[in-house]
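Reading through the structure tokens given below for one structure.
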Amino acid sequence: MSSANAILAALFPAAVLSAAPSPAALSLAAVSLAACSGASQSAPAEAPLPAPAPPAPHIDRAPIDAALQGFVDRGQVAGAEAIVFKDGQEVYFGTFGHADREAQRPMSRDALIQIYSMSKPVTGVALMQLYEQGLFQLDDPLSKYLPEFANMKVYVGEDAKGAPILEDARRPITVRDVTRHTAGFGSAGDTGLGRLIKAADPTSWENSLPEMSRRLASLPLAYHPGEKWLYSPAVDVQAYLVEKLSGVPYEQYAREHILAPLGMTETSFYVEPARQGRRAAEYELSATGTLTRTPDEKAFGFSSREWPLDPGGFGWTSTIDDYSKFARMLLGEGEFGGTRILKPETVRLMATNHLDEAITDRSWLPSKGQVGFGIDFAVRLRPPVDEKENPGEVGEFFWDGRDSTLFWVDPKTQLTAVLMVQLIPFDKIGLHRSFRRAVYDALGPA
């Protein structure tokens, strides 16, 4: 059927069916065709409909709910909350128990949580931003930027009079050493070196980062750099390195280059009075199973005022949503919400094992499972060997905090998980193992 006849069919269907069109009808059809043709040429094309959002990945809430509620019901935890993202979508959030048991204030999504050592990856990200700018190399001597760490000595014992016996370090401390806890730094304690460290008190909150660094460098090392893995104030040294290389105080740098760009508006060292009522109380679980609240003046000592120290290894108070943004940025290989914090190759470098197999003395790191250590993360190298080990996927990277908080990033499963709780001593009840197992049970078979 011609175009004219098609329009006639619409205008005069009976005429088209019964007889040939008259000249008048053809004239009307021609005018209509021209009008339609002009309209089709001048009307703007309609915008394509947006693609429908992908369906949310399936998750069964029951395993996670049961696991975390169980710890509350047994009186082992006062309160907890957890969030899981998979394939870019929130698939789980839940709160359990109380943020403040005595006041009967429930755990809530906006509860302020002291994350302690989960502050360390934030410091690592800050430092690696400066690495991207070419301001240092990982195998540079630390003394190139912090001269106080040149010509370090190593503590090897005491003489008959109790004076320390020292020897020259076999090699300089490198920047890589302070990112993976192999620098040689010791910790306070009852040993001869421990007493020296306790007296110097380098990480006192009253010390600025320059003063912390000066005091730490004045002490002998506990072992030769690169020969052991030992948790230490190394990440506070990273924070000072950020300060020296960037030219701005560490807290300011982290806020301007990480926290603010990610929208982590609730994360801070100091919690001002208007927000202090949202802090989750800290509880201590005794060996006999009694849960006792830590006095607030002790639990909240650091966050209740502004101190000279801007620590790299602890100190941030945050919320579960804020920290989840940080974790999702890492899963996104440095990008979150259209904002790039790190290059993909830098995140991959951070999540790569930097701990040589020749380093066999690893303190308590093996308790984390079949892991090595990257830049401020543990990195899973092999599958769990048995049910006693924390579940996880090869290639995941993670860390935790003194008050039993936990996060991990699982690139294989495209998952991030954050667990917030305020419990000391650090997870003696299998909380992390149970939560991890519940998360993967909730997801079902791969």
For a quick check of your reading: which strands (runs of 3 or more DSSP E) sit entirely within region 361-423 and have at least 3 residues that are within 23 Å of Val237 (Cα to Cα)?
397-400
Under the condition of being within 17 Å of Phe377 (Cβ to Cβ) and in contact with a Gly (Cβ under 9 Å, 6 or more places away or on another chain), which residue from region 304-324 is surrounded by the most Cβ atoms within 10 Å (Cβ to Cβ)?
Gly312
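Yes/no per residue for (1) farther than 26 Å from Ala280 by Cβ; (2) assigned to a loop (DSSP other than H, G, I, E, B):
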{"position": "Asp65", "(1), (2)": "no, no"}
{"position": "Met118", "(1), (2)": "no, no"}
{"position": "Leu127", "(1), (2)": "yes, no"}
{"position": "Gly134", "(1), (2)": "yes, yes"}
{"position": "Asp139", "(1), (2)": "yes, yes"}
{"position": "Asn151", "(1), (2)": "yes, yes"}
Let me spell it out: the conditions are (1) buried (at least 23 other Cβ atoms within 10 Å of the Cβ); (2) under 24 Å from the mean Cα position of the chain (by Cα), and Leu142 meets all of them except one. Which number is the exception?
(2)
Give Ser187, Ser204, Ser218 a once-over and let me know the one that is hydroxyl-bearing (Ser, Thr, Tyr) and within 27 Å of Arg255 (Cα to Cα).
Ser204
Which condition from (1) over 19 Å from Ala80 (Cβ atoms); (2) in contact (Cβ under 8 Å) with a residue 40 or more places away in the chain is the one that Ala287 breaks?
(2)
Whether any residue in region 115-122 is under 14 Å from the mean Cα position of the chain (by Cα) and small (Gly, Ala, Ser) is what I want to check.
yes
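Could you say whether any residue in region 211-231 is among the hydroxyl-bearing types (Ser, Thr, Tyr) and farther than 24 Å from Tyr131 by Cβ?
Looking through region 211-231, at least one residue is among the hydroxyl-bearing types (Ser, Thr, Tyr) and farther than 24 Å from Tyr131 by Cβ.
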Being within 22 Å of Val91 (Cα to Cα) and either part of a loop (DSSP other than H, G, I, E, B) or basic (Lys, Arg) (or both) is the filter here; which residues of region 424-438 pass it?
Arg433, Arg436, Arg437
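Coordinate-derived values only; no laboratory data. It should be emphasised that the depicted structure is a prediction, and the values quoted were computed from it without experimental measurement. Ideal geometry is used to build each Cβ from the backbone, glycine not excepted, and the neighbour counts take in all protein chains shown.
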